[in-house]
Structure formats: structure tokens, C-alpha cells
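Have a look at the structure below before the remarks.
Each value in this text was obtained by applying a stated rule to the coordinates, not by laboratory testing. If you're wondering where the values come from, they're calculated on a predicted model, not measured in any experiment. So basically every Cβ, Gly included, is an ideal-geometry build from the backbone, and we count neighbours across all protein chains shown.
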């Protein structure tokens, strides 16, 4: 099967039978190869798991060498929400293809993302009909709380990280996301990483890996 999104695929070192999938969504202007570094860090510690790192469906308008999940070049909130929903539709179809290919269901899938990819992962974890095993988010936010609240149909557990010195997505977004998720009775664990700017530090990767190992 050919996936609708061009993807870098990495298998765990021990892969007798694929029992879990971790989907890694890159940030604005990045690509699947970029975020696949997480997969190479985790793969030796997680058995029977395959990592899929798709490219966004759009070439990034501000960085044509990379991709985007939704366009940020037009400063129009309604336009951005429409673009987010288009991306959701594509990613849901992509996830259905993965489930079919590997004979899995949502409870065997972890969604993880950085920045814009984190934002998409949070949305998917709440709007899809079945809960996922987990959403892991690095340096993201909830794009539009009012819009998302109206569309919640499932309540996937969330594990969120943010740097306290993030200059791109302000760290206050982590606390706002925590408040939103708790008010909607969604289990969430948050970690603010000290002296960390807009990237994924080793500390966050280690904490996320330890969490994953407990649940799969």
C-alpha cells in the first residue's frame, strides 16, 4: 500500500510482530526526515514498533525546502482554522491507511509531534472517533480552544512538553493547554523544561520514552 503522505519509515530493532505504531509529525517548515531523529533515538528501546514520519501535505510557503500542516503566511484566523481542518482530514485518512496496512486499531497508535505537528496531534487526539494510546506533544499549543471544544468526541491521554525559554511558541501555551484539557476531563501530564528554547531536548525525549515503555 502506498500512503497518501510521503513517509520515512523506521522499524524498531526487535520486530517479530508489529504491535504498535508511533506517528511523528514535524514542525512548520520541517519534514519527516527531520523528525525521524526521534525514532532513531527511541527504536532500540521499544520492541515490535514501527515509526512513521510523514511529510506535510503542503510545501511550506516560507521555506520551500520543507513542508507544513497548515499555512501561516496569511494572517487570517478563519483561514488558518480551515487549513487545520483540511490537514485533519488528510491525516485521518493517512492513519486509516496505517491501521489497514498493519492490522492495528487506534489503541495501538501513539501520535507525537513538534510545534505545528504537536498542534495537529492534540486536535487528532480529541476529534477522532476512537482514542489513541497516547498523544505526545513538544513545543505546541491548542490552536483554537473554542473551535476544538465543540468538536471533542474522544479523550486521548496527553503528555506535553515545553521549553521555558521558547521564543516561537510562548511557554504560557503549555499551562493554557493543561487548563483546557483538565476542564474537559482529559488526562494530561505536562513538563516545563528549564533553559530550553524552541526545540526538543534530550530530557524531554527521555521522559517521553520512559512513559511510552510503561504503556506498551
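Check whether at least one residue in the range 172-181 is closer than 22 Å to residue 38 by Cβ and out of contact with any helix residue (DSSP H, G or I) (no Cβ under 8 Å at 6 or more places or on another chain), and report yes or no.
Yes, the range 172-181 contains at least one residue that is closer than 22 Å to residue 38 by Cβ and out of contact with any helix residue (DSSP H, G or I) (no Cβ under 8 Å at 6 or more places or on another chain).
Do we have any residue at all in the range 32-48 that's on the phi < 0 side of the Ramachandran plot, touching a helix residue (DSSP H, G or I) at 6+ places or on another chain (Cβ under 6 Å), crowded, with 20+ Cβ neighbours inside 10 Å and not in a loop (DSSP other than H, G, I, E, B)?
Yes, the range 32-48 contains a residue that is on the phi < 0 side of the Ramachandran plot, touching a helix residue (DSSP H, G or I) at 6+ places or on another chain (Cβ under 6 Å), crowded, with 20+ Cβ neighbours inside 10 Å and not in a loop (DSSP other than H, G, I, E, B).
Which members of the range 151-173 meet the condition of being touching a strand residue (DSSP E or B) at 6+ places or on another chain (Cβ under 7 Å), surrounded by 15 or more Cβ atoms within 10 Å (Cβ to Cβ) and either without any contact (Cβ under 8 Å) to a residue 24 or more places away in the chain or assigned to a loop (DSSP other than H, G, I, E, B) (or both)?
156, 157, 171
Looking at 75, 16, 82, which is the one that is closer than 21 Å to residue 128 by Cα and surrounded by fewer than 14 Cβ atoms within 10 Å (Cβ to Cβ)?
On inspection, the qualifying residue turns out to be 82.
Among the residues of the range 106-133, what is the count of those that are part of a strand (DSSP E or B) and over 10 Å from the mean Cα position of the chain (by Cα)? Reasoning before the result, please.
Within the range 106-133, the subset part of a strand (DSSP E or B) is 109-114.
Keeping just the survivors that are over 10 Å from the mean Cα position of the chain (by Cα) gives 109.
Residues that pass the stated criteria total 1.
Which ones in the range 183-209 are within 19 Å of the chain's Cα centre (by Cα) and without any contact (Cβ under 8 Å) to a residue 24 or more places away in the chain?
202, 203, 206
Could you list, in sequence order, the residues of the range 174-216 that are exposed (fewer than 12 other Cβ atoms within 10 Å of the Cβ) and either at positive phi or in a loop (DSSP other than H, G, I, E, B) (or both)?
Listed by number, the residues that qualify are 185, 194, 195.
Restricting attention to the range 134-149, report how many residues are touching a strand residue (DSSP E or B) at 6+ places or on another chain (Cβ under 8 Å) and in a loop (DSSP other than H, G, I, E, B).
Adding up the residues that qualify gives 2.
All but one of (1) more than 23 Å from residue 203 (Cβ to Cβ); (2) within 18 Å of the chain's Cα centre (by Cα); (3) free of Cβ contacts under 8 Å to residues at least 40 places away in the same chain hold for residue 95; which doesn't?
So residue 95 meets the others, but not (3).
Which residue, of 93, 99, is in a helix (DSSP H, G or I), in contact with a helix residue (DSSP H, G or I) (Cβ under 9 Å, 6 or more places away or on another chain) and surrounded by fewer than 24 Cβ atoms within 10 Å (Cβ to Cβ)?
After applying the criteria, what remains is 99.
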